[in-house]
Amino acid sequence: MPTEQERRKAQMTAAALSRTEARARPAGRTAIRSKPVRITLDLSPELYRQLTQWAQSAAIELDVPRVALADAVRAMIKVTTESPDQVIERLRRDRQLLTRVTALSVDEAIGPSGGLGHGGRDWAEVRSRRLGDVREPYLRQPARQAVPAG
């Protein structure tokens with residue numbers, strides 16, 4: 001009796017041989033993925049807060065107790081694929097801004113003397129601090145001015 005490994009190897013060999021036949025389907029088209037693909041996504045605290053607030057308002061609008069964040073993101077992806085122009089433009093603007101800030105961070109980290117700027121902080125620290133300010137520039141609120149009492 002063949003082992004599981006031997007059985008799989010025989011199946012794969014048979015599949016490879018069947019592709020050499022005249023009317024065989026091309027490689028890569030024989031299997032259909034039925035299992036969903038998992039992705040992970042890191043969000044800034046501000047973007048996460050906006051997503052959860054949007055999901056809560058959507059739940060109120062839909063008159064349901066809750067809208068799962070995964071369902072919300074799936075719906076957003078579907079809408080995006082139907083009309084991608086605004087998303088493409090947003091990506092273009094964010095990439096341009098990120099490129100400019102990264103270039104500034106490198107200059108700032110190296111400093112005029114060619115060494116580390118910012119009192120010994122390294123480039124990665126400067127870059128992460130700068131990128132944290134830039135990743136969602138359109139989400140940041142202007143700082144509130146203190147109003148003097150009296």
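Just so you know, all these numbers are worked out from the coordinates, no wet-lab data involved. The structure presented is a predicted model; accordingly, all values stated were derived computationally and were not measured. Cβ coordinates were reconstructed from backbone atoms using ideal geometry, including for glycine residues, and neighbour counts include every protein chain displayed.
Observations, loosely collected:
- Taking amide hydrogens as placed 1.01 Å from N in the peptide plane, the amide H of V67 sits under 5 Å from those of A59, each at least 5 positions away in sequence or on another chain.
- Where labels lie 7 Å past Cα in the beta-carbon direction, separation of T40 and L98 in nm: 1.8
- The stretch 43-82: C-alpha gyration tensor shape, a/c 1.5 cut-off, then a/b vs b/c: oblate
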